[in-house]
Amino acid sequence: MVVLIVLSMFGCAQPASDEYVRVEGFGIGTTYRIIARAESDRIPEISAAAEATFAEMTASMSIFDSTSLLSRINRNQTDSTDMHIRQIISLARGVNSISDGMYDVTVAPLTEAYGFAGGKAQQQPNVDSLLAFVGMDKVRVEEERIVKSDPRLRLDFNSIAKGYTVDCIAAEIERLGIEDYMVEVGGEITCRGRNPKGGDWRIAVDSPYDGNMNPGENCQVIITMSNRSLATSGNYRRYYIDNEGRKIVHTIDPKTGKSVITDLLSATVIAPTAAEADALGTMCMSLGLERAKMVISGIDGVDAYLISAAPDGSEEDFEVWYTPAMEELIK
């Protein structure tokens, strides 16, 4: 995933408005930030709500924590699920369907083989053998229990977990009675109400060229929004060059088992929830520009800003496509 920058509404030391507070920290392997209209004495409870959510998400679905429920499901030590895993599987199945199978959370054997799940990359992954136990048709939930057609099937929610976590934190913020806020976890964002200056929230999307490793240093576009969620996917930060000089990116084609490199450099998606935006952004990267345009255009309530390579392959020039409603959001 690509980190987005929420353009600062604050000075270096104090908020621009006494009514807004900022809470920042680290959770589920990335940074987070919450800006909310609340009194300063509510910072501890806002922070506590975020930290409790991160702990709950880690215990549920982290593939990097061997004790998580998902890790135990992947090792076939349990077939029990929780609410979070069931909701994510349901959402993932829907995105899998509209993408003709190109979005798939059963790619864990492949992401592990390519070294994107915390382990060491295999030099020559046996893709054909791994594909035998990849596919959403090989897993289902029955009476709150996971049923696998092959015990070697494993789930990887990294393409949706950050967005889902944003939604869960946002729900906790609203339970505290806070109506104007922004929640950002590793670049996945939900905004509600007004920012500290009384307007829509302003989000800067980074230019997707290889080597742009510092979020916010080189921005492609600023998007304004409120009461919606946003996520960006791209392959220009999370990749490596293998021993044969090939670029291996973290987007994996679940049908071929290969690392996907297309003409699409980044996909920014705005949707009702951050989980949807997160999953749809990954889907776009798997589909490539033309197929992504077709699928996104057919989804009500979803908008996208897609950046593709120039015809000559130049890193200095990009081509941009966006849905009609994005015209009002781009600054």
How big is the accessible area of GLU290 in square angstrom, nearest 10, if you roll a 1.4 angstrom probe over the protein chains? 110 Å²
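Ratio of alpha-carbon Rg to the 2.2 N^0.38 Å globular estimate for segment 25-84, to two decimals, please. Present the calculation step by step, with values, prior to reporting the outcome.
On the way: Rg = 14.7 Å, N = 60, 2.2 N^0.38 = 10.4 Å.
Expressed relative to 2.2 N^0.38 Å, the Cα Rg reads 1.41.
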Order these peptides, 223-232, 257-266, 94-103, by their mean beta-carbon neighbour count within 10 angstrom, highest first. 223-232, 257-266, 94-103
Counting sequence-distant residues (5 or more places) and residues on other chains, those with an amide H built under 5 Å from that of GLY187 are LEU4
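Nothing charged except the Cβ atoms of Lys and Arg (+1) and of Asp and Glu (-1): what's the magnitude of the dipole of segment 41-173 about its Cα centre? Round to the nearest 20 debye. Walk me through the numbers before you get to the answer.
Details: 13 positive and 19 negative charges, 89 e Å.
Roughly 420 debye, rounded to the nearest 20.
The values are calculated or read from the model by the stated rules, or taken from the named source; none is laboratory data. Computed from a predicted structure; not experimentally measured. Counting neighbours? That spans all protein chains shown, and the Cβs are built from the backbone with ideal geometry, glycine included. Side chains are part of the model used for accessible areas, which takes the heavy atoms of the whole protein and leaves out ligands, DNA and RNA. Shrake-Rupley method; radii C 1.70, N 1.55, O 1.52, S 1.80 Å.
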